[in-house]
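Read-outs: derived from the displayed coordinates by stated rules, not from any lab. Remember, it's a predicted structure, so these values are computed and weren't measured experimentally. Note that each Cβ is placed from the backbone with ideal geometry, even for glycine, and that neighbours are counted across all protein chains shown.
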Amino acid sequence: MNMTRAVLATAAASLALVGGVATASNHGSHAANSSDIVDTAVAAGAFQTLVAAVQAAGLVDTLKGDGPFTVFAPTDEAFAALPEGTVESLLLPENREQLVAILTYHVVAGKVTAADVVNVSSAETVNGASISVTVNNGTVKIDDATVIQADVMASNGVIHVIDQVIMP
């Protein structure tokens, strides 16, 4: 377990360093975000667990690709709310396939903004399963997770911040 935590911390730190460099080079720009989804998530500071999981799953290059992608991104607090040991277990090399399935369940091909989300009741994720989308009194839910911040733009898509990790 301690080794897994060390791997998680190292992955997060290395990606933070990369993200910090990308963010610094874009500082002061008033144009649309020129950082990709991974660098945008790193710069936000609330997605260290997600970014480390993306790295452990081997999905960094994919999410730095052309896209566009829509990512429903759970916060660090959302990952912390999972049963104890879940994140550490998922980060083990032997659980990579399960980790990829969970992470790709949080991604939809194409750029789906908040204005688009309110017009759909479901969407097919990159892992092939569908997520449900509900809107009630202005609150958008993706499965059981609530969108707490919408339309965080990246050069290759959009991030919607959610308060739970959704499971396929």
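To the nearest 20 debye, what is the magnitude of the charge dipole of the stretch 70-168 about its Cα centre, counting +1 on the Cβ of each Lys and Arg and -1 on the Cβ of each Asp and Glu? Please report the intermediate quantities before stating the final value.
Values: 3 positive and 12 negative charges, 68 e Å.
Rounded to the nearest 20 debye, it is 320 debye.
Enumerate by residue number the GluC sites (Glu not before Pro) in the stretch 83-168 meeting two conditions: DSSP loop (anything except H, G, I, E, B), and at most 14 other Cβ atoms within 10 Å of the site's Cβ. Could the numbers behind the result be given before it?
On the way: sites: GLU84, GLU88, GLU94, GLU97, GLU124; in loops: GLU84.
Filter output for the stretch 83-168: GLU84.
Can you list the residues, at least 5 places off or on another chain, whose amide H is less than 5 Å from the amide H of ILE162, using H built in the peptide plane?
ALA73, THR75, ILE148
Near ALA101, within a Cβ-to-Cβ distance under 15 Å, what is the net charge of the other residues, with Lys and Arg +1 and Asp and Glu -1? Could the numbers behind the result be given before it?
On the way: positive: ARG96; negative: GLU94, GLU97, GLU124, ASP143.
Computed value for this residue: -3.
Highest first, please rank the peptides 111-122, 71-82 by the mean number of other Cβ atoms sitting within 10 Å of their residues.
Values: 111-122: 13.7, 71-82: 19.5.
The most tightly packed comes first, giving 71-82, 111-122.
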